[in-house]
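Structure first, then comments.
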Amino acid sequence: MNSTPLTIRDHGNAIMLSESIELMARGLRETYLDHGLKSGDETAEQSLLAGLNLMAHAAHTLGDYVEQCQDELERAMAAQKPGKGGKP
């Protein structure tokens, strides 16, 4: 996990990543579920698998970001507690 404080750019990247995951999911659904996946079409199956793998990687990256946000929030809250050098 990266210990560097998050920036506004990190937040923007996370938003774009979540939107990309949504667009990928919508595209895969429209291409392979709404229109059907033909039996034995290995190219389509490979494309679907590649899309799902890409979405899984993107979701994992987004999960790491959310975890880092949670860690920073917990540190900030702990610093605000009396006796921890924060405000009483």
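Here's the yes/no breakdown for (1) of a type in the set (F, W, Y); (2) assigned to a helix (DSSP H, G or I); (3) open to solvent by 90 Å² or more (accessible area, probe 1.4 Å):
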| site | (1), (2), (3) |
| --- | --- |
| R26 | no, yes, yes |
| E30 | no, yes, no |
| L37 | no, no, no |
| L52 | no, yes, no |
| M55 | no, yes, no |
| A58 | no, yes, no |
| D71 | no, yes, no |
| E74 | no, yes, yes |
| P82 | no, no, yes |
Scanning the range 39-50 for residues that are among the acidic types (D, E) and either part of a helix (DSSP H, G or I) or open to solvent by 90 Å² or more (accessible area, probe 1.4 Å) (or both) gives E42, E45
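The values are calculated or read from the model by the stated rules, or taken from the named source; none is laboratory data. Because the structure is a prediction, the values reported are computed rather than measured. Please note that ligands, DNA and RNA were not included when accessible areas were found on the heavy atoms of the full protein model with its side chains. Shrake-Rupley method; radii C 1.70, N 1.55, O 1.52, S 1.80 Å.
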